[in-house]
Amino acid sequence: MDFSGNHILSIDQFDRSDIEKLFSVADKLEPFASKEKITRVLEGAILGNMFFEPSTRTRISFGASFNLLGGNVREITEVGSSSLAKGESLADTAQVLSGYSDIIVLRHPENGSVQKFAEASRVPVINAGDGSNEHPSQALLDLYTIQKELSQNKKNLDNLRIALVGDLKYGRAVHSLCKILSKYSNVKMDLVSPEELQLPEDLLNQLTDARVSVNQTENLEEGISEVDIIYVTRVQEERFNNKEDANKYRGLLSLNQSIYTANCEPNTVIMHPLPRDSRSDANELDRDLYANPNLAIFRQADNGVVIRMAMFALVLGVEGKIEKTAKPVNWKVGLSS
Ligand code: CP
């Protein structure tokens, strides 16, 4: 895959060497993400950060990543504050915004919308989530996190055992994660969901074709018993026709410390793309897991910055210029103890 000057729309574009290349750039960017060093390598560049659905992590971390590389960010945060609300087409929006930006990040509620937008754009477009279809930057940061967490236990991505738990039908993070994991050897996957929220057929077929060993179950204890990673997801209530339908599934698959202790191997890592539903009737990941050192959800969210910096660096072709432009920081990072 040639990153430079190209859109990133789907995990289908990546092979293992592309992923390794991105991760190696991300590793080199760690000191810049943690503010040990500064770069202005994207000085003068403008990111159009276009979010037509709610977001905390993806929007802010894409914006922060661009700023950390020295670029400027312009944003739309909802359909209602854009001219889409006046009937403007996505294609016209793409034509216009690509005249104001050097690269565009787009989140939109319709499956396939980011692809449609990219076809009309004059600058590279990165998919930040299109409906229930895909969320490629999330899968890349998830895989980066899995690799880092496994390396602590001297394991790697080949031979991975993972349980995907929750709404596997509508969860775009899960869909992109399945695609990326299918590129590795001897992967074993437990798919834990209510029957009505199982992984879509086309993705199941993709896993089978890639020789991923799949076990589908509705039983949380069975699914999490012999895995390296538990990846929990929220019921995607915004994708249901009505809220009452979604409410049927809330709280069915909640993980807490006693379930973990009774069923999991000692170093099983707990992940979640977030946001997790912390309302008492859902409580996907109980508060009592806070003390569990294997709860990796905030390390996972932090990794979003370095992965998104690496995506920008590669797409804008500056990955080789960052170290040469590095400067020391002039302020102290973090709270004083
Ligand atoms: N994981 C994720 O996409 O979170 P946001 O919806 O907050 O961006």
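Any idea which residue in the stretch 60-80 is farthest from the ligand (Cβ to nearest atom), counting only those that are among the β-branched types (Val, Ile, Thr) and in a helix (DSSP H, G or I)? Quick ask: steps written out before the conclusion?
Within the stretch 60-80, the subset among the β-branched types (Val, Ile, Thr) is 60, 73, 76-77, 79.
Next cut, in a helix (DSSP H, G or I) only: 60, 79.
Numbers: 60: 8, 79: 16 Å.
It comes out as 79.
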> Considering only residues of the stretch 26-40 that are crowded, with 22+ Cβ neighbours inside 10 Å and of a type outside the set (S, T, N, Q), which is farthest from the ligand (Cβ to nearest atom)?
Replying inline: 32
> From the set of residues in the stretch 319-337 that are among the basic types (Lys, Arg) and in a loop (DSSP other than H, G, I, E, B), which is nearest to the chain's Cα centre (by Cα)?
Replying inline: 321
>> Could you check the stretch 287-303 and list, in sequence order, the residues that are buried (at least 16 other Cβ atoms within 10 Å of the Cβ) and in a loop (DSSP other than H, G, I, E, B)?
In response: 292, 294, 296
> Is it true that some residue in the stretch 182-190 is crowded, with 21+ Cβ neighbours inside 10 Å, out of contact with any Asp or Glu (no Cβ under 9 Å at 6 or more places or on another chain) and within 14 Å of residue 142 (Cβ to Cβ)?
Replying inline: yes
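How many residues are more than 17 Å from residue 6 (Cα to Cα) and of a type outside the set (A, V, I, L, M, F, W, C) when one looks only at the stretch 93-111?
Let us first name the residues in the stretch 93-111 that are more than 17 Å from residue 6 (Cα to Cα), namely 93, 96, 100, 107-111.
When the remaining residues are screened for being of a type outside the set (A, V, I, L, M, F, W, C), the result is 93, 100, 107-111.
Number satisfying all stated conditions: 7.
Among 154, 179, which is basic (Lys, Arg) and surrounded by fewer than 18 Cβ atoms within 10 Å (Cβ to Cβ)? Working first, answer last.
Numbers: 179 fails: surrounded by fewer than 18 Cβ atoms within 10 Å (Cβ to Cβ).
On inspection, the qualifying residue turns out to be 154.
Return the residue satisfying two criteria in turn: it lies in the stretch 133-159 and is in a loop (DSSP other than H, G, I, E, B) and over 13 Å from the mean Cα position of the chain (by Cα), and of such residues it is farthest from residue 306 (Cα to Cα).
So the first thing to find is which residues in the stretch 133-159 are in a loop (DSSP other than H, G, I, E, B), and the list is 133, 135, 153-159.
Imposing the further condition that a residue be over 13 Å from the mean Cα position of the chain (by Cα) reduces the set to 153-159.
Values: 153: 22, 154: 23, 155: 22, 156: 20, 157: 20, 158: 23, 159: 26 Å.
So the residue we want is 159.
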> If we keep just the residues of the stretch 137-151 that are within 21 Å of residue 60 (Cβ to Cβ) and surrounded by fewer than 24 Cβ atoms within 10 Å (Cβ to Cβ), which is farthest from the ligand (Cβ to nearest atom)?
Replying inline: 144
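Output the residues belonging to the stretch 259-285 that are touching a residue at least 60 places away in the same chain (Cβ under 8 Å), buried (at least 16 other Cβ atoms within 10 Å of the Cβ) and within 15 Å of the ligand (Cβ to nearest atom).
Going residue by residue through the stretch 259-285, those that are touching a residue at least 60 places away in the same chain (Cβ under 8 Å) are 267, 269, 271, 273-275, 284.
Those left that are additionally buried (at least 16 other Cβ atoms within 10 Å of the Cβ): 269, 271, 273-274, 284.
Selection gives 271, 273, 274, 284.
Considering only residues that are within 17 Å of residue 319 (Cα to Cα), of a type in the set (A, V, I, L, M, F, W, C) and in contact with a Lys or Arg (Cβ under 8 Å, 6 or more places away or on another chain), which ones fall in the stretch 7-45?
Narrowing the stretch 7-45 to residues within 17 Å of residue 319 (Cα to Cα): 7-8, 17-33, 37-45.
Those still in the list that are of a type in the set (A, V, I, L, M, F, W, C) too: 8, 19, 22-23, 25-26, 29, 32-33, 38, 41-42, 45.
Within the stretch 7-45, 19, 38, 41 qualify.
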>> Cβ-Cβ under 7 Å, sequence separation 6+ or interchain: first residue in the stretch 221-241 and closer than 12 Å to residue 284 by Cβ, partner in a loop (DSSP other than H, G, I, E, B) and basic (Lys, Arg). Which pairs?
In response: 234/276; 235/250
>> With in a strand (DSSP E or B) and over 13 Å from the mean Cα position of the chain (by Cα) as the only criterion, which of 126, 162 stands out?
In response: 162
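State yes or no: is residue 211 assigned by TED's automatic domain parsing to the domain that holds residue 196 and on the phi > 0 side of the Ramachandran plot?
Numbers: assigned by TED's automatic domain parsing to the domain that holds residue 196: yes; on the phi > 0 side of the Ramachandran plot: yes.
Spelling it out, residue 211 is indeed assigned by TED's automatic domain parsing to the domain that holds residue 196 and on the phi > 0 side of the Ramachandran plot.
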>> Could you go through the stretch 42-51 and let me know if any residue there is assigned by TED's automatic domain parsing to the domain that holds residue 126 and of a type in the set (Phe, Trp, Tyr).
In response: yes
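For the stretch 43-59, which positions are within 16 Å of the ligand (Cβ to nearest atom) and surrounded by 16 or more Cβ atoms within 10 Å (Cβ to Cβ)?
First pass over the stretch 43-59, keeping only residues within 16 Å of the ligand (Cβ to nearest atom): 47, 49-59.
Passing the criteria: 47, 49, 50, 51, 52, 53, 55, 57, 58, 59.
Restricting attention to the stretch 64-113, which residues are farther than 22 Å from residue 238 by Cβ, within 16 Å of the chain's Cα centre (by Cα) and buried (at least 18 other Cβ atoms within 10 Å of the Cβ)? Quick ask: steps written out before the conclusion?
To start, the set of residues in the stretch 64-113 that are farther than 22 Å from residue 238 by Cβ comprises 64-74, 83, 86-89, 91-92, 94-104.
From the residues that got through so far, the ones that are within 16 Å of the chain's Cα centre (by Cα) too are 64-65.
The one that is farther than 22 Å from residue 238 by Cβ, within 16 Å of the chain's Cα centre (by Cα) and buried (at least 18 other Cβ atoms within 10 Å of the Cβ): 65.
The values are calculated or read from the model by the stated rules, or taken from the named source; none is laboratory data. It should be emphasised that the depicted structure is a prediction, and the values quoted were computed from it without experimental measurement. No Cβ is skipped: glycine too gets one built from the backbone with ideal geometry, and neighbour counts run over all protein chains shown.
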